[in-house]
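Below is one structure, written out as C-alpha cells, with a few remarks after it.
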Amino acid sequence: MSDTATRRDASGSEPTLGAFPQQYADSPRSSNVNLQPLREQGWAAFQQLGFPSRKVEAWKYTDTRGISRGTFEPVTQLSSVEIGAESSLDIDAYRLVFVDGVFDPAASALGDLPEGVQLAPLSHRIEDNAALPEGFAGLLGADAGPFSALNLAFAGEGVVLTVGRNVELDKPVYVHFYSTAQAQPVMSHPRLLIKLEDNARAKVIEHFNGDSDAKNFTNVVGEGYLAAGARLDVYKLNEAAEQEFHVANFKLEQDRDSHFVSHNLTLGGGLTRNDLDTELNGTNAQTEYWGLFFVNGRQHVDNHTVVNHNVAKTFSNENYKGIMNDRGHGVFNGRVYIKQDAQEVRGYQNNANLLLSDKAEIDTKPELEIYADDVLCSHGATTGQLDEEAVFALRARGIDEEKARALLTLAFAGEVLEATEIPAISQRVERRVAGMLPDRFDLEDLVEFAQ
C-alpha cells in the first residue's frame, strides 16, 4: 500500500523518528554496487517520512511508538539455535529457514528444483555485485511508505522465486522466519520477490514464530508479479511471540486470466500490521483474500487491504474474520477501487467479527469506491457475540456451556479455515485458536469434536 506519513502530520508536528536515525545512520550498507543506491534512497526517504503517527488516517488505530522508541540491533550473523520440530510445519516443501532474518543453510532444504524454477535467498542472488533480480523494489520502493522505505534501507536478505512459463511447482515453497530471544532485541527486514510467468503455478508459505519471550521487530516486504494465466497461492501464518512487533507489506500485479489467493492467518505478535494490495491489470484476472485474526490478551492486529480493479471484467472476493478476546484490539480496513470504465467487474468484501470479552475492541471500515456503471459489488461488516440460542441448542444436546462456546468459536473461524487447502496449516490454527479461548480444554478432544 502507498499510504504515507507526510513531513508534518495534521497538527503540524514532526513525524515520529525516535532514536532510529541516531542508532542506524552509520549502519553498514550493502557491498553490492547495484543495491547500495537503493538502500541509500530508502534511508533518506525513511528519515523524511518517519514513523506514522495516529494522526495519519491509515494509522489512526495503530500506535507505532513502541517501535520508534525501541532499540533493535541489526543482525548480520546467523545465531546458533536449534529449531524444534514443533515450531515447524510438518510438510513436504522446498524449505528456506531464516533466524532473526539471516538465512540458515543447514536448516534449509531446497533439493532438486524443477526445470524452469529459480529459488534462492536474496543474499545469494546479489553476491559478487550481481545484478538485482528483475522487479526488485519495482512495486514497493523508497516512495511506498515509511516501513517499505525502512525495509529497503536494510535490504539484503529474503527470498527470490521465479517460476517459468507453463511450469507448475510440484510442492510448496515454505519460508520459515524464526525469531530468537536475546538480551538485546533485534530487527530484520526480509524481502520476498515472486515472479510467475505465463500459466505458471506456485504455492508459498510464510511462517513467523520463535522463542516465546522474543521481543524483536520484523518488517517484511513482498512483491509479486503474475503473468497471463498464472496462479499464486500465498499462505501467511503469524505465530510470533506476544511481545514481538510485526509489520508486513505485500503488493502484487496481475495480468490477464491470472489468479491470486491470499490466506492471512494472524494468531501472534504484540503489535501486527498487515498491508495487502493487489493491482488487477488484465481482463479476467481474479484475486481472493481470506483472513483470520485472533487477538488475545493485549494484542493488537491491524489489517489494511486494497484491491484495485484497473480494467474491465475482473473479479475479487474478500472474507476476513476476527476474534477478539480479553483486551485485544483488532482493526480491519478493506478498500475495493473500481476504475473508470472498468465495466463488468465483480467485487465482494466481508468482514465478520466476534467479541469474546466486553473489554475487547474492533474497528472496521469496509470501503467501495466505484467509477464504472456495469458492476456487481457488495461490502459489509458485522460485529457481535456468540449466539446464545446456538449455545443453548448445544447444551440441550448434552454439551457443557464452556465447550459449547468453544465449539461455536471454532465454527466461526471454520469458513476461512476450510478455504485453506494445506491441512498442516488449518489443523495447527484450529489447535491454536482452541488453546487461546477464555478457558482451557483438552485441545485434541475439542478439535476432534469440532470436526
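The values are calculated or read from the model by the stated rules, or taken from the named source; none is laboratory data. Being a predicted model, the structure only gives us computed values, none of them experimental. Neighbour counts run over all protein chains shown; Cβ positions are idealised from the backbone, glycine included. Note: accessible area is taken over every heavy atom of the protein model, side chains too, but ligands, DNA and RNA are not part of it. Shrake-Rupley method; radii C 1.70, N 1.55, O 1.52, S 1.80 Å.
Greater than 25 Å separation of Cα atoms is the criterion. Which listed pairs, 251/313; 171/215; 171/403; 236/339; 251/359, meet it?
In this structure, 171/215; 171/403; 236/339; 251/359 exceed 25 Å between Cα atoms.
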How much accessible area per residue does the chain have, in Å², with a 1.4 Å probe? 41
In the chain, helical segments from DSSP H whose Cα atoms cover 24 Å or more along their own axis and that average at least -0.5 on the Kyte-Doolittle scale are 401-418
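How much length is gained if the chain between residue 391 and residue 81 is pulled fully straight, taking 0.36 nm per residue apart and subtracting their Cα-Cα distance, in nm to one decimal? Please list the in-between numbers first.
On the way: separation 310, 0.36 × 310 = 111.60 nm, distance 4.53 nm.
That works out to 107.1 nm of additional length.
Return one quarter of the surface area of the convex hull spanned by the alpha-carbon atoms of the chain, equal to its mean projected area, in nm².
On the way: hull surface 87.0 nm².
The orientation-averaged projected area of the Cα hull of the chain comes to 21.7 nm².
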Additional length obtainable on full extension of the chain from residue 60 to residue 112, 0.36 nm per residue less Cα span: 14.0 nm
With +1 on the Cβ of every Lys and Arg and -1 on the Cβ of every Asp and Glu, and nothing else charged, how large is the dipole of the chain about its Cα centre, in debye rounded to the nearest 20? 960
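Roll a 1.4 angstrom probe over the protein heavy atoms and tell me the percent of accessible area of the chain that is carbon or sulfur. Numbers along the way, then the final one.
On the way: 8040 of 18620 Å².
Carbon plus sulfur share of accessible area: 43 percent.
Taking the inverse of the average 1/r across all pairs of different Cα atoms in the range 31-155, what Kirkwood radius in Å do you get?
Values: mean 1/r = 0.0576 Å⁻¹.
Radius from the Kirkwood sum: 17.3 Å.
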Multiply the residue separation of residue 183 and residue 129 by 0.36 nm, subtract the distance between their alpha-carbon atoms, and state the gained length in nm to one decimal. 16.0 nm
Considering the dipole of the chain built from charges on the beta carbon (Lys and Arg +1, Asp and Glu -1) around the Cα centre, which of 427, 58, 276 is farthest to its positive end? 58
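Which value, in debye to the nearest 20, describes the size of the charge dipole of the range 177-264 about its Cα centre when Lys and Arg Cβ atoms bear +1, Asp and Glu Cβ atoms bear -1, and nothing else is charged?
Numbers: 9 positive and 13 negative charges, 35 e Å.
The calculated dipole for the range 177-264 is roughly 160 debye.
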Setting aside same-chain residues fewer than 8 positions from residue 365, which aspartates and glutamates have a Cα under 17 Å from its Cα? 3, 57, 275, 277, 302, 318
